[in-house]
1. If I compute solvent accessible area with a 1.4 Å probe over the protein chains, what percent of it on the stretch 41-169 is carbon and sulfur?
2. Using only the alpha carbons of the stretch 545-607, what is the convex hull's orientation-averaged projected area in square nanometres?
3. Express the C-alpha Rg of the stretch 303-444 as a ratio against the empirical globular expectation 2.2 N^0.38 Å, rounded to two decimals.
4. Distances longer than 23 Å among the Cα atoms of the stretch 45-140: what percent of all pairs is that?
5. Between Lys247 and Glu483, what is the spin-label point distance in nm, taking each point 7 Å from the Cα along the Cα→C-beta axis?
6. Angle between the Cα long axis of helix 413-422 and the longest principal axis of the chain, 0 to 90 degrees, nearest 10?
7. In µm²/s, what is D for the stretch 244-293 at 4 °C and 1.567 mPa s, where D = kT/(6 pi eta Rh) by Stokes-Einstein and Rh is the Kirkwood radius from Cα pairs?
8. Between Phe132 and Asn282, what is the label-point separation in nm under the 7 Å Cα-to-beta-carbon projection?
Amino acid sequence: MKKYSFYLKFLTLLLLIFSIFSFSTITFKGMTPFLDNEKFIMSNNNIVASISNEGFLENLATKDTMFDALYNMYFTLDKRKVTFTKVEKVNEEKIISYGTNGDKDVNVEYTLTQDGVHISVISKDAKELRVFFKESDVNPIFIKEKNYNFIQCRHIAYAIIFPNSLSMYRIGALMSLSRKPTTTENYSKFDFDIIVGKDVHSLKVKLNLVEAQKKLLVVDRKGNPLNNIKIVQLNGNTFVDVSTSNKNGEIYFSNLNENCTYQVLNEDLNIESTVENKIILNIPEKFEFLWEPYLTGLSTNSIYIGLKINKPASVVINVDGKEIVDNLYDTFHIIKIDNLKPFSNYNATILVGKTLKEQLSFKTVEDKEYKFLVYGDTRTNTDRHKIICDEMSKEKALLVINTGDLVESGPQLFEWNLFFETGHLLFSTTALLPVLGNHEHNTEYYYQAFMCPKKGGGDFFKQWYSYDIGPVHFIALDSDIQEGTGLDEIQTEWLENDLKNTDKPYIIVSFHHPFFSNVKDRGQQFREKWHNLFVKYKVSAVFNGHIHHYERFLKDGVMYITTGGGGAPFGYGLYSEDASYLPFSKAAAAGYLHYIIGNVSNNRIHFVVKAVGKEENYKLVRTEKILDEFEILPRKSSN
């Protein structure tokens, strides 16, 4: 009996260790794959979900893809927002969040089901529950049918089942309203479910909503069947179904109307024609990169590799002998390479199909001494962007910061193709960590393309963010948010909290619009709150773009640098009658294609502003010139 007890305890210990190990290695895919707290993960044989530190459902995916498209979900009870103070994991399939709406206690129970999660909101004498569900994906499809709301994302579909919902509609987030709780003498309870699957059609079948099906074939120009292609069915301008072709090219839809039209969910693919129950796609014969492979989201032990190809495929990456397979059948891939050693060099080989190969090399985060680059305003003149990126690639830096206006028009997909093509030599060896400019227009393509090392704030938790590399604390902000708005106040509150919680010797902040310029009326509206925070917390340097030349200022102990010479049309206001040099201006130059090198050492950061081209008679002439040099010292010292 004692022997049996010993083995039972040993087995229990093994299971506990395995559980901890499994959860610590969970990696979600998608635009918001961040995990707040790995203690609050639920998992069964089909579904994995996480609850954030704030008590809300944070990730929800099927295990076969691990693709999560849940950005945010929150509640109001009796028209007051619910916040949580405690999160408790009951078992592997149940977590409870305890909180309040400011007036009464509220408990939310999350319980995994075979196909998703069941959610119960429990309080006393509650009369109305509103649930807000916000997705994170490029161009999701919304379909409403009876008491169900369907959301189709790139690799996952969600169905929200709210039996007693009075209304469901989209107001930035998908909102469900219910005034019909289950009531007893002690509490009021609202129940609803979220189930997940590969597409809306499969969820409709699971919910017994499909009485008859229409069968079509998805093929290429030669008539070959195409597998795993998601097609959207429209009746007029209304989305009615989304389905996925099988290995024989067969695809089934719930609407039998012969006048229905179809489009591919993936924005990189096009339907050539629909004839004789066949959907014919214009699929290229050879693989090519639309977005050349690039590095982003650098941290101590991980990095992301992103790429886009011209037809769907899985991707294999070999990193120094370790094979990583991204089994998502897609044109876009962003793959996390983790469990890396700090302060190390790596080589990676990307394989798409059997023919398309690309090599990358990168470093993980350095401890004390390293080199980083800063440049900005790379829009419009792609030939010039290539020149500066090719030169910057020779620096062998750890990371590069782009101060915004990466492209001419963010919502135009072809602009991003050009950006990654012209920057390939640099981005294949140096991790890119950008900030938003006004020309990005806060597009979802920006959020799809780039990862930050850890969860930030704002849209998709990446609109503003921070990270540490050795002795430097880096902060990226969005200055395109109008000052004084609610979102600006949230960002500013986040900024102060972030500043007060770092003890790094250097703090470097980046955002697009500069406070100051020596050209009259070119400096943006001065943000007194931000400047006061920079002074209070002894920010070392602030990098901006937007104005297409170089300027440096020292104001109240904070170094402000404008670097807008990454390829956009040059401005020459510094040499005109509009120039009025500010008393705290330290350097200025116009007409130069330039970037900034930051050399981090134990006791200082030495900056070199390097020009690689100069515009003469509207033509760019290659040059090598140092425009400026300066240093910043640790925050306990003075500049």
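1. 46
2. 5.0
3. This ratio for the stretch 303-444 stands at 1.07.
4. In whole percent, the share of Cα-Cα pairs in the stretch 45-140 beyond 23 Å is 26.
5. So the label points at Lys247 and Glu483 sit 6.2 nm apart.
6. Helix 413-422 and the main axis of the chain meet at about 50 degrees.
7. 99
8. Taking the two extended label points, one gets 4.1 nm.
The values are calculated or read from the model by the stated rules, or taken from the named source; none is laboratory data. Not measured: the values here are computed from a predicted model. Here Cβ is always computed from backbone atoms with ideal geometry, including for glycine, and neighbour counts include all displayed protein chains. Areas reflect the complete protein model, heavy atoms only, side chains present, ligands, DNA and RNA absent. Shrake-Rupley method; radii C 1.70, N 1.55, O 1.52, S 1.80 Å.
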